[in-house]
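I have a structure I would like to understand better, so I am pasting it below and will then ask my questions one at a time.
The values are calculated or read from the model by the stated rules, or taken from the named source; none is laboratory data. Here the structure is a predicted model, which is why all the values come from computation and not from measurement. Every residue, glycine among them, receives a Cβ derived from its backbone with ideal geometry; neighbour counts consider all protein chains shown. Ligands, DNA and RNA are stripped out before the accessible areas are found, and what is left, the full protein with its side chains, is counted by its heavy atoms. Shrake-Rupley method; radii C 1.70, N 1.55, O 1.52, S 1.80 Å.
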Amino acid sequence: MATTGSGQRARRGTRPVPAQRDGHDDRRGDDGRDESRAERIDRELMELLNELRVALPGVQFLFAFLLVVPFQQATERATDFQRDVYFVTLVAVVVATALLIAPAAQHRALFRQHDKEDLLRRSNRFAFLGLCVLAVAIVAAVVLVVDFLFALPQALVTGGLVAVLLGWLWIGSPIVQRARGGAGDE
């Protein structure tokens with residue numbers, strides 16, 4: 001299908017026109033796309049899996065870093081607080097990794113089970129929870145490093161600022177857009 005300048009599909013006659021009831025096109029969704037329900041679910045699932053491909057390398061890098069840290073000689077001078085923050089960070093990264101990989105793993109495990117819509121709903125929840133736990137891991141890692149290199153007050157302020165930044169970009173801003181009824185890809 002060719003696309004017009006606005007990004008919408010233009011009909012060329014290569015696809016049969018769907019049946020209409022009461023002047024309503026059954027193929028046209030709420031967002032104006034010309035696709036069936038099954039096509040929409042397939043597209044949304046692929047979009048979700050592609051989005052997770054962006055998040056996973058960062059999680060894997062942070063996890064690798066955390067696995068190496070205990071074997072460094074500098075950890076001998078770590079305080080009890082730093083060890084506690086390290087533990088929280090490590091567990092949060094493990095949980096975030098599990099949640100962010102779960103959609104791809106379940107997609108493979110449920111191959112040809114014909115329940116993509118349920119898989120999509122679960123995967124969306126896993127991805128959102130995974131990003132929330134990843135935010136906790138990032139904040140905790142920042143607190144750990146800044147406390148180790150500088151001082152606890154700087155670590156807490158920096159961690160708080162990072163938490164506010166991630167909270168706004170990942171949760172607050174989308175909630176505000178949704179409340180305003182902002183149109184866009186979902």
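Given contacts defined as C-alpha pairs under 8 Å and at least six residues apart, what's the relative contact order of segment 104-186, whole-number percent?
It comes to 19 percent, rounded to a whole number.
Would you mind telling me the share, in percent, of accessible area of segment 52-186 contributed by carbon and sulfur at probe 1.4 angstrom?
68 percent
Right, something else. For segment 55-186, report the accessible area per residue in Å² (1.4 Å probe, heavy atoms, rounded to an integer).
That works out to 65 Å² per residue.
Right, here's the next one. Which of rounded, prolate, oblate describes segment 86-137, given a ≥ b ≥ c as roots of the alpha-carbon gyration tensor eigenvalues and a/c under 1.5 marking rounded, otherwise prolate only if a/b is larger than b/c?
Cα axes put segment 86-137 in the prolate bin.
With r defined as the distance between the Cβ atoms of ARG121 and GLU47 and R0 fixed at 22 Å, what FRET efficiency is calculated, to the nearest 0.05?
Step by step, r from the Cβ atoms, then E = 0.95.
Which shape class applies to segment 131-179: rounded if a/c is under 1.5, otherwise prolate when a/b exceeds b/c and oblate if not, where a ≥ b ≥ c are the square roots of the Cα gyration tensor eigenvalues?
Because a/c hits 1.5 or more and a/b exceeds b/c, segment 131-179 counts as prolate.
Sticking with this structure for a sec: I need the peptides 38-45, 109-116, 149-156 ranked by packing, meaning the mean over residues of other C-beta atoms within 10 angstrom, with the highest value on top. Write out the running numbers ahead of the final one.
Numbers: 38-45: 15.1, 109-116: 10.0, 149-156: 12.5.
Packing order, densest peptide first, comes out as 38-45, 149-156, 109-116.
Sticking with this structure for a sec: Give, in nm to one decimal, the length gained when the segment between LEU110 and ALA55 is fully stretched (0.36 nm per residue of separation minus the Cα-Cα distance).
Going from the current span to full extension adds 17.5 nm.
Expressed as a whole number of Å, what is the distance separating the alpha-carbon centroids of segment 127-186 and segment 59-81?
21 Å
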